[in-house]
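Contents: one structure, followed by commentary.
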C-alpha cells in the first residue's frame, strides 16, 4: 500500500506491517474453520444417529437426534456470520502486505499470485458458506421440517467437499505467512536487517 496513504490514515505500522501486534485474519479464520467443521460433523452424526444409538446407550449417554442437528445449524449460522469479518480483516491485511517478488512457494506460486488466489478464494468461500447456510436453513425450516433426518445426503457430501476446499485454501494462506513472511514479525525484522532475538524480548 502507498506509504502516503498509510500516513494520511494515521496508521503506524509495526514490524509485522500492521497497525496492531498480532494479525486478526488468522484468528478469525480458525474461528470460521472450527464452527464450520463442527457444523458438518454434528450434521453427519445426526444423520447417522440410528447407527450410533446403541453406542450411546452402551456408554450411558443420553442423546437425542435433534440435538445434533441443532448444534450443526447454529454452528453453521455462526460460521456464516464470522466469515464476513474474516474476509474483511483478510482484505485489510492484504492491502497492507509487502510481499517478496522473487520468491516461490512449495507449490511453485509467487507471493502476489498466492495473495490473489487466497483473496479471490476467500470471497468465493464466503459465498459458498452463506449459500450452504441458506440451503441448511431451508432444510431445517421447510423441506425436511417433519423428517427425523433434517439434512439431505447431498448437503453432507457438499460439506465434506468444502472441508477439502478449505484445506487447500488454508494452505495458500499458510504459505503467505510461513514461506513469504507476510505480516510475520520475525520475518519482517529479518528483512529490515534487524535481529528479532534482540528486539522482541
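The values are calculated or read from the model by the stated rules, or taken from the named source; none is laboratory data. Here the structure is a predicted model, which is why all the values come from computation and not from measurement. For neighbour counting, all protein chains shown are included, and Cβ atoms are generated from backbone atoms with ideal geometry for every residue, glycine included.
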Within region 188-201, does at least one residue satisfy the condition of being crowded, with 18+ Cβ neighbours inside 10 Å, touching a helix residue (DSSP H, G or I) at 6+ places or on another chain (Cβ under 7 Å), at pLDDT below 70 and under 19 Å from residue 23 (Cβ atoms)? yes
Looking at (1) farther than 19 Å from residue 163 by Cα; (2) assigned to a helix (DSSP H, G or I); (3) modelled with pLDDT of 75 or more, which one does residue 19 not meet, given that it meets all the others? (2)
Residues satisfying the stated conditions in region 124-170, i.e. surrounded by 13 or more Cβ atoms within 10 Å (Cβ to Cβ), in contact with a helix residue (DSSP H, G or I) (Cβ under 7 Å, 6 or more places away or on another chain) and part of a loop (DSSP other than H, G, I, E, B): 149, 150, 151, 152
What do you reckon, is residue 113 without any contact (Cβ under 8 Å) to a residue 12 or more places away in the chain, part of a helix (DSSP H, G or I) and more than 19 Å from the chain's Cα centre (by Cα)? yes
How about region 93-109: which of its residues are touching a strand residue (DSSP E or B) at 6+ places or on another chain (Cβ under 9 Å) and not in a loop (DSSP other than H, G, I, E, B)? 104
